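Okay, structure first, notes after.
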Amino acid sequence: MSVSAVGKTPTEIWASILSMLLRTPLLPQDDVTIAESLAAFSYDCDFDNLQRELCRVSTVLRLVCRSWDRLVQRIHPTVVIANLNTQYVKSVPIHVLPALLIKGKPNPKLQNAQRLEIWTPFECNCGQECRSALPSRTVERLQKKDIPIGRSSSNPFNPAQDLIRLEVINAKHYMGIESPISLLDRTPNLKVLSWAGEWTDAFFKTLIRHRIHQNLTHLKISLLWDHIHSLGSIVPFPNLRFLHFSILDRGFDATARKSNELGLENWAAFPRLQRLHLRLYINQLQSRKDDLVAFLKAIGTNLSGLIYDVYGNASIWFEPDLWDLLPSLTEFGVADNLITSEPPPPPSTMKPLNLIYRFSDRADEITDISPENTMVDQFIDVCKQWRTEKMTMLQSWREAEIMMAEPIDEHSEYVIGTHVEFYERLAALGVVISDRDGVSIGEPEGQRFLEALKEYEPRRLAEEQRRRDSESESGGYWETEDE
């Protein structure tokens, strides 16, 4: 294909072809699902799998012809992985930048970066020999090093000039003691930010007020109730579309809120928030019920997607009338579990919700399991109560295939997403199942996943039986969820 032919090709066709490359979860996207939003904060093996898929698609497109090769090289998303821990420098994989600075000067690769991934040691557990992973012995050795580490001679969070292309900073941990504020000062176009765990306690009051939060469309942050109560005024997030929000109690007693303090419902303003992943680790859930309801009342009107992960029984706080606070909801999920008996189904006045699940999600039995009332039977009954028409898996079909190479979990019989019957029964019910990228299970990628699952399930069942037999012969027992 000549350059002139490239110029004559209709824009719509190019958009369709290149969407495979440009619509990667590694970069922020408009008008996406909650599954795609969550993928922006992928770490470790999940991140490596996304980057591997991006490179695969890029290579396929580049091999078409020279014109495509030049075009793809020009628009290919630029991802930089960097280490910030001076103790790890000798152990980082070859493709990981050992530091943001080279002899006191910014690493040149940062200037073109669109995504900055903060690297920390991890062991590959997906069976794909991830490039960014280290051998288990090396990971153990590095994790034993004293933390916090010594400060380097130059602040690694201090670029000399603006990083105008940088849109994403993903920091799970950085194991350092320097403030990230000087880095954020140099990222005028940042849209996606994941706070490192260490930032919250060390720099919360100054960092939460940083102007960069005015531009963000995606934010992942974990806070204590103490942090929320300590704010003197509301924090504005005028452009935020997706929030991954975790709240923890300090100790075993719920932190009391004084009458003049801000609470969960008014600590921040989210006028454009559309999708929420809410994770709460609360020791006294009943005492926080009013806070949770007030928060959903404040933000619920515009929410189209909600995944909640609340430690404890959802029936304590998720009462049927709570659905009235979510009139725009179209996607709903319960983190790390398929919906069973909680929460109560939405009213018939609401449109059927697209249920979100992970390939690895577990399902706790609602009633006793028997050959006449299997876990799949129980979930199908739930789908009928919820009037389910659509379900979306948080991974891609390809990623789910990769997961089948992982070691088999000792309680995998509870992971009903790994049963072929699960998909066959949902299809018979008329439920349309798609992956994170919107590819239905009836398309070629979905069918390849099903074929792989049909080969995987007998191996998994055989392994489970082998373990049961081994436990029986050794005089042990097969541990159950109740035990």
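The values are calculated or read from the model by the stated rules, or taken from the named source; none is laboratory data. Everything numeric in this text was worked out from a predicted model, so none of it was measured. Reconstructed Cβ throughout: ideal geometry from the backbone, glycine too, with neighbour counts over all protein chains shown.
Of the residues Val64, Val72, Val80, Val92, which is surrounded by fewer than 17 Cβ atoms within 10 Å (Cβ to Cβ), aliphatic (A, V, I, L, M) and over 19 Å from Trp397 (Cα atoms)?
Val64
Give all pairs with beta carbons closer than 6 Å in which a residue from segment 442-460 that is without any contact (Cβ under 8 Å) to a residue 60 or more places away in the chain meets a residue that is part of a helix (DSSP H, G or I) and of a type in the set (Asp, Glu); count only pairs at least 6 apart in sequence or on separate chains.
Phe449/Glu401; Ala452/Glu401
Go through segment 217-230 and give me each residue that's part of a strand (DSSP E or B) and of a type outside the set (D, E, K, R).
Correct list: His218, Leu219, Ile221, Ser222, Leu223, Leu224.
Just one of (1) within 30 Å of Ala196 (Cα to Cα); (2) buried (at least 18 other Cβ atoms within 10 Å of the Cβ) trips up Asp30, so point out which.
(2)
Can you give me the number of residues within segment 231-261 that are under 28 Å from the mean Cα position of the chain (by Cα), at pLDDT 85 or above and not in a strand (DSSP E or B)?
Qualifying residue count, segment 231-261: 7.
Can you tell me which residue among Ala133, Ala113, Ala39 is at pLDDT 90 or above, over 30 Å from Phe332 (Cα atoms) and either among the acidic types (Asp, Glu) or crowded, with 19+ Cβ neighbours inside 10 Å (or both)?
Result of the check over Ala133, Ala113, Ala39: Ala113.
Does segment 97-115 include one or more residues that are in contact with a helix residue (DSSP H, G or I) (Cβ under 8 Å, 6 or more places away or on another chain), in contact (Cβ under 8 Å) with a residue 40 or more places away in the chain and in a loop (DSSP other than H, G, I, E, B)?
Checking segment 97-115: at least one residue is in contact with a helix residue (DSSP H, G or I) (Cβ under 8 Å, 6 or more places away or on another chain), in contact (Cβ under 8 Å) with a residue 40 or more places away in the chain and in a loop (DSSP other than H, G, I, E, B).
So which residues in segment 35-58 are part of a helix (DSSP H, G or I), of a type in the set (A, V, I, L, M, F, W, C) and under 8 Å from the mean Cα position of the chain (by Cα), if there are any at all?
Matches in segment 35-58: Ala35, Leu38, Ala39.
Which members of segment 200-234 meet the condition of being touching a helix residue (DSSP H, G or I) at 6+ places or on another chain (Cβ under 6 Å) and within 17 Å of Glu117 (Cβ to Cβ)?
none
Quick one: in segment 409-438, of everything that is crowded, with 18+ Cβ neighbours inside 10 Å and part of a loop (DSSP other than H, G, I, E, B), which residue is modelled with the lowest pLDDT?
Within segment 409-438, the match that is modelled with the lowest pLDDT is Val415.
Look through segment 182-199, keep the residues that are buried (at least 21 other Cβ atoms within 10 Å of the Cβ) and hydroxyl-bearing (Ser, Thr, Tyr), and return whichever of them is farthest from Ile118 (Cα to Cα).
This residue is Thr187.
I'd like the residue in segment 338-356 that is β-branched (Val, Ile, Thr) and over 20 Å from the mean Cα position of the chain (by Cα) and, out of all such residues, is modelled with the highest pLDDT.
Thr349
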